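Notes for the one structure printed next.
Please treat every number below as a calculation from the coordinates, not as lab data. Since this is a predicted model, take the numbers as computed values, not measurements.
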Amino acid sequence: MRVLARPAAQLDLVMLFVLSREQLERRSAGCTQPSAGRHAVGAWPKRASNVATDMTEDVVRDVALPRGLVDVKVCAIDETGLA
């Protein structure tokens, strides 16, 4: 695994930590090259965390799927975040 400041052209997994749809759209913009088996994971605050966000799993799908990224199942990262 490598942590990148900017997305590389060929990635199997893209994981972005965001607080808003706008951040997800902006940060995932460079991840549009179709690649077999490419997955996107957007991580965002849980509703119960009381952190302001407009993120949901539906937002991740709305942004990721048109870019050729495949969504994965939602799971808890910790008491604050989901991925």
How much length is gained if the chain between Phe17 and Ile77 is pulled fully straight, taking 0.36 nm per residue apart and subtracting their Cα-Cα distance, in nm to one decimal? 20.5 nm
What residues qualify as long-range amide H neighbours of Met15, i.e. H under 5 Å apart, gap of 5 or more or another chain, H built at 1.01 Å from N? Val41
